[in-house]
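J.: What follows is a single structure, and I will ask about it in a moment.
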């Protein structure tokens, strides 16, 4: 507002106007009301000659002031007040003089009800059942620890932490299982720290550890130690693992350790040398217990803790076993370390789905030779240039080749066992901090690592065991965030994929490779974001060239070409949505009614198209619900098929995404009955439905001759029945 209007100025403006006696009384009455309102609410309003009120700057509502004070941000308060004042003013201006008072009352009532409604919503949001149960006040947690937890962004305990705090704090043995990304480390770290700090003895130099935490990988051990250090300032926390200096660890032993975290190999070395004393242990934690008690680590674990455990003694250290996956054999093996009475917390239980519920599981069929290029497209569409992704490979060689593949446009780094420990730590730190966006790793990064904001996990092939899939996919969708896990597979790995579905309790969504439109959209968004980093000073240098380009090509075409070049998408080569093979287009043929099998589609194709056109059709699959088929044709033939197709009740189209197909057929019934051919539609007879002349016993996975274990219901086969008649490789899912 320019400035305050004085009452005298207003009266001078009103003087020339003639007003009736009734108008004058009404004006005076209104003035008295406004005066009272002015003293009560501190709103400064002035009256013009026509009886319409005009607000000056209204004071901030009380809630806005409180919010501003709490947030320390004046903009927050302004936004809050602006939400009410403009509409408040406009509504008042439309009211006659006598209705202003009534409007003020209604306005206050509405504002009050809105405020109380918002307050109740806010209270409801902050008082969810999970937050009520996990409130710090419900547990024996010191103010110092609470302050440190809040510094880590933890404002209440998660369900697994709620369930385990009591047993751990009370010194009971425990086996705990919960899905990945649910906060298992703090489940034992918080109560153990509180217990130690409550009973803290006089700090002595060279004191032996009271807590031992064993982890299967160096990276996980390092992360667990950091979690302990973040929430205590009174206890000494050390982390021992291979690839690091012995001397620094010896110095820590001499200075005294309260909590020791490490991998079995390095801790065993210190024990055998006599430098480390574990006879005073009170608490032993095996993180990722299913791996710690497996054949690779079981002997080392036994050698480390046998000094602290006595047979059938109730005075043994408290034993805590944690993992996202606990097969039955783990419980049997673990009993020799546990007291006769132990607690069991299982937040997975008999629930069908063992993997994280916040992760969407996708599967893409792709030949190994096409995999790097397709993975590059998947990275672009599902995480873009700014999202974080982890690619898991089976071997160290695969990891190195994938990270250096030119199809991976983002900056990618390797993580596997042959890399020096110092470099592994630098790599993990860089990935956490966002220095690079793609991490290519073996199972070294599969367990326990809590890397924030991983948008995408890619598994280059189905893992050999279900536990590995669960842990790998659990690197995304952590702490309530959503994520995507994409698993690549080949036709011979379908049975393995079904086994993962059955045991992990998930359902893979079969999808095709990212479409051209998906890639264009994603690359365009990245290119547009990159333009924001260009300074105005730099733009001025390119204005003459831009002007010439606009005159030659037109503004839209010139900008589109520039965006295409910036994104590196100067050309696109189509791929099959069914197999990811380059140079093929997937087409869908929809039937007006349900069909029995693909032979009906072949019949329609042979009736409407030339024999030459039909000969190029391959990899036919039945659509979900038996309402048509989809198939592949070479890119050069797709337009001809569409041109020849006419006068039919069947609809031929080129889908942007892979339609849902009947898994029962697995693409193996793609052959044209007239040609009696197999999978590829040629003469080889591979995977022919009935075998034909060349597709019988020698055909791979022939429908009648296969013993590969790919039953329709997805059940496993064992022993020699895993071999096909053609001598296919034996599969072992155990």
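The numbers here are math on the coordinates, done by the rules we state, and not lab data. All of these numbers come straight from a predicted model, not from anything done at the bench. Reconstructed Cβ throughout: ideal geometry from the backbone, glycine too, with neighbour counts over all protein chains shown.
J.: Determine, for 270, 407, the number of other Cβ atoms within 10 Å of each Cβ, and report the residues in order from fewest to most.
T.: 407, 270
J.: If I model a spin label at residue 548 and residue 255 as a point 7 Å from the Cα along the Cα→Cβ vector, what separation in nanometres do I get?
T.: 6.6
J.: Just subtract the alpha-carbon distance of residue 597 and residue 346 from 0.36 nm times their residue separation and send over the number in nm, one decimal. Don't jump to the answer; show the numbers that get you there.
T.: Values: separation 251, 0.36 × 251 = 90.36 nm, distance 4.54 nm.
Taking residue 597 through residue 346 to full extension adds about 85.8 nm, to one decimal.
J.: To the nearest 0.05, what FRET efficiency results for residue 635 and residue 226 with a Förster distance of 56 Å applied to their C-beta separation? Please list the in-between numbers first.
T.: Details: r = 52 Å, r/R0 = 0.93.
With R0 = 56 Å, the Cβ-Cβ based efficiency is 0.60.
J.: Given q = 0.08, 0.09, 0.13 Å⁻¹, what are the Debye log10 I(q)/I(0) values for segment 359-511, with equal point scatterers placed on the Cα positions and solvent ignored?
T.: -0.19, -0.24, -0.52
J.: Okay, moving on. Calculate, for residue 429 and residue 386, the FRET efficiency according to 1/(1 + (r/R0)^6) with r their C-beta to C-beta distance and R0 22 Å; round to the nearest 0.05.
T.: Values: r = 19 Å, r/R0 = 0.87.
That gives a FRET efficiency of 0.70.
J.: Would you calculate the separation in nanometres between label points at residue 336 and residue 530, each defined as 7 Å from the Cα along the Cα-to-beta-carbon direction?
T.: Label-label distance for residue 336 and residue 530, simple model: 5.9 nm.
J.: Go through 208-218, 368-378 and give me the packing order, highest mean Cβ count within 10 Å leading. Present the calculation step by step, with values, prior to reporting the outcome.
T.: Values: 208-218: 23.7, 368-378: 19.4.
The most tightly packed comes first, giving 208-218, 368-378.
J.: Which value results when the Cα radius of gyration for segment 271-357 is divided by 2.2 N^0.38 Å?
T.: On the way: Rg = 14.5 Å, N = 87, 2.2 N^0.38 = 12.0 Å.
Cα-based Rg divided by the globular estimate yields 1.20.
J.: Can you compute log10 of I(q)/I(0) for segment 486-580 with the Debye formula, treating each Cα as one identical point scatterer, at q = 0.22, 0.24 Å⁻¹?
T.: Debye intensities relative to I(0), on a log10 scale: -1.15, -1.24.
J.: Kindly identify segment 195-310 as rounded, prolate or oblate by the Cα gyration tensor criterion: order the square roots of the eigenvalues as a ≥ b ≥ c, call it rounded if a/c is under 1.5, otherwise compare a/b with b/c, prolate if a/b is larger, else oblate.
T.: Working: a/c = 1.39, a/b = 1.35, b/c = 1.03.
In terms of gyration-tensor shape, rounded.
J.: Next question, about the same structure. Using only the Cα atoms, what convex hull volume per residue in Å³ does segment 537-646 have?
T.: Numbers: hull volume 18.0 nm³, N = 110.
It is 163 Å³ per residue.
J.: List residues of segment 585-610, by number, whose backbone nitrogen lies under 18 Å from a label position 7 Å along Cα→C-beta of residue 649.
T.: Under cut-off, by backbone N: 589-609.
J.: Can you figure out the FRET efficiency of residue 411 with residue 234, using R₀ = 41 Å and their beta-carbon distance, to the nearest 0.05?
T.: Working: r = 41 Å, r/R0 = 1.00.
Given R0 = 41 Å and the Cβ-Cβ separation, E is 0.50.
J.: Could you tell me, in Å, what Rg and Dmax come out for the Cα atoms of segment 136-346?
T.: 16.1, 45
J.: Grab the Cα-Cα distance for residue 615 and residue 300, subtract it from 0.36 nm times how many residues apart they are, and report the gain in nm with one decimal. Write out the running numbers ahead of the final one.
T.: Details: separation 315, 0.36 × 315 = 113.40 nm, distance 6.21 nm.
Between residue 615 and residue 300, full extension yields an extra 107.2 nm.
J.: Could you please state, rounded to a whole Å, how far the C-alpha centre of segment 192-220 is from the C-alpha centre of segment 440-473?
T.: 29
J.: Classify segment 515-558: rounded, prolate or oblate, from the alpha-carbon gyration tensor (a ≥ b ≥ c, eigenvalue square roots; a/c under 1.5 rounded; otherwise prolate if a/b is larger than b/c)?
T.: Values: a/c = 5.15, a/b = 1.42, b/c = 3.62.
Oblate shape, in that a/c is at least 1.5 and b/c is the bigger or equal ratio.
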